[in-house]
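The values are calculated or read from the model by the stated rules, or taken from the named source; none is laboratory data. Only a predicted model underlies this, so the values are computations on that prediction, with no experimental measurement involved. FYI the Cβ positions are ideal-geometry reconstructions off the backbone, even for glycines, and counts take in every protein chain you see.
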Amino acid sequence: MPEIRRLPDDLVNRIAAGEVVERPASALKELVENAVDAGSRNISVRLVSGGLDLIEVTDDGCGMSASEIALALERHATSKLPDERIEMVATLGFRGEALPSIASVARVTIESRSRTIDEGWRRIVDHGAVAADGPVALPPGTRIRVEDLFGRIPARRKFLRSPRAEYAACLDVVRRLAMARPEIGFVLEHDGRRTIATQPDEPLAARVARLVARELAEDGVLIEAERGAARLTGVAGLPTFNRGVADHQYLFVNGRPVKDRLLIGAVRGAYADMLARDRHAVLALFLEIPPEDVDVNVHPAKTEVRFRDPAFVRGFIVGALRHALEGQGQRSAQAPAAGAMAAWQVEPAAAAPQPPSLQSLFARQHGAPASGVRESGAVWRSHEDAVLAPPSGRAEATQETEATVPSEYPLGVARGQVSGTYIVAEAEDGLVIVDQHAAHERLVLERLKAAGAEDAMIRSQALLLPEVVELEETDCDRLEEKAEELARFGLVLERFGPTAMLVRAVPSVLGKTDANALVRDIADDLARHGDALLLGEKLDLVLATMACHGSVRAGRALTVAEMNALLREMERTPRSGQCNHGRPTWVKLAHQDIEKLFGRK
């Protein structure tokens, strides 16, 4: 067995750096947390190339003397634990590993001046070795520069992502800390351009709306709840204001940004009866709880916590959110009785197809029309404009319904519409109920794919006035990278400044659609899946999003002719038994089941 030996200090620091400093955003998080704990009123962050070349954090906090700077660069040296009761820590950082770990894998310059002395001090550490040490002139506070991160560790450097991706992670760090501390002013500058600028003592709701989404100012609900020693504050978006990914949920425990599974599950539970499964709430929640009831040292990056009473925390958050949302008239829908649902025979749907490759996007998806179908595709097309157009009033039947049901129609003949959402049809062997939005969503998707099979590019409908869609800079970057592929499917986008995209045309097959909402959801799709999917799979997701926006909405009154045209198109379209999200588009109650409901059998 090899002899046991002590590791040299430089190797120990590099091993510690692997836990603390995973990427530029990790180093930035530690530096900004130190600035917050120093009692700063203003914190300025400057990045070059997403933090790969330079991270600079300047604050006006308490500052340090020359001896304190030297001590801060030693491992496990901290001013944030007044005694040995680690469970009572009230600061963001406390382990004392950040600065020495960063200094072991980068060139670090620390300049600081305490308010009690007239002269500042500078120390430069180049990958663990002291390169310079001496006085410097600067105002009270601290400025730390981190340059050439992992410059001498190519094995770590090559695993870092592009400057844009690293900047997106840094932006998320600053945004979360700025929300956690509305009493502090934050400035973030990237490659000479300012992207975040907040003032000290900003109201919490205004700070959250500025950093998360401007719409929260009107579409958000203030959260204020107390239960025992616990307190919950924040802003929660109405159920109708949602996003396609959960990245817009910001959670804080005692002022510390966390990504805790218990809290995320509580949010999902609170919105369970008010949001579709593929939609996510937009919110920022701040939980204040006695320090002895939460352990913040269970994760190296302190992004997860452990509660002494997790059931209490979950119940508190779910109850507070539901009470606030119900107070705004947004009540959850009642689930149908299990006995009633058991009486329905759900039409079996084919297994959800796997996302095809890029080549399969241009392979024709439609098979031959079902045998015996009398009407051609022109019948549905003749009513297409009316179905896709915005409702102008209650649609009345323009022709009398058929008295008998032809056996060639598996989905039967339309007899009416319930709640402007469900088509009720009489089939030869029972009663059929169709979700008009889910069904049309599948039809539009299949037509988009068919258009891609027939033409190299889907026809676009140019907008009379191009529409400007304001997004986060990182979302604009993703859309700009995919602009050429999106143009092939009829969506023509252009970059319009750092945080906006210009929509010049939309796919003509979608008819009249909300270009703003369409672009936002496509940006969410690209953010959710990142680089994990192949290009063809990403484009399938984009087509599904387009289909959702191009389909007839629930609540849209249809004429009998329009309902029958939709039924006929469903009969000839593959995979029309389920929508793009895996939900059934129609259910059937057979004659014998109806007779059982009334006790005839």
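Numbers at a glance
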| quantity | calculated |
| --- | --- |
| Failed condition for Ala205, given (1) assigned to a helix (DSSP H, G or I); (2) closer than 17 Å to Leu28 by Cβ | (2) |
| The listed residue being surrounded by 20 or more Cβ atoms within 10 Å (Cβ to Cβ) and not assigned by TED's automatic domain parsing to the domain that holds Gly497, out of Leu188, Leu160 | Leu188 |
| Residue in the range 208-232 that is nearest to Val48 (Cα to Cα), counting only those that are small (Gly, Ala, Ser) and in a loop (DSSP other than H, G, I, E, B) | Ala213 |
| Of the criteria (1) surrounded by fewer than 17 Cβ atoms within 10 Å (Cβ to Cβ); (2) part of a helix (DSSP H, G or I), which one Tyr167 fails | (1) |
| Residues of the range 102-118 classified as β-branched (Val, Ile, Thr) and assigned to a loop (DSSP other than H, G, I, E, B), total | 3 |
| Flag for Ala155 being without any contact (Cβ under 8 Å) to a residue 60 or more places away in the chain, surrounded by fewer than 16 Cβ atoms within 10 Å (Cβ to Cβ) and not in a loop (DSSP other than H, G, I, E, B) | yes |
| Within the range 552-592, considering residues that are basic (Lys, Arg) and at pLDDT 80 or above, the one nearest to Val418 (Cα to Cα) | Lys588 |
| Of the criteria (1) at pLDDT 85 or above; (2) buried (at least 16 other Cβ atoms within 10 Å of the Cβ), which one Val305 fails | (1) |
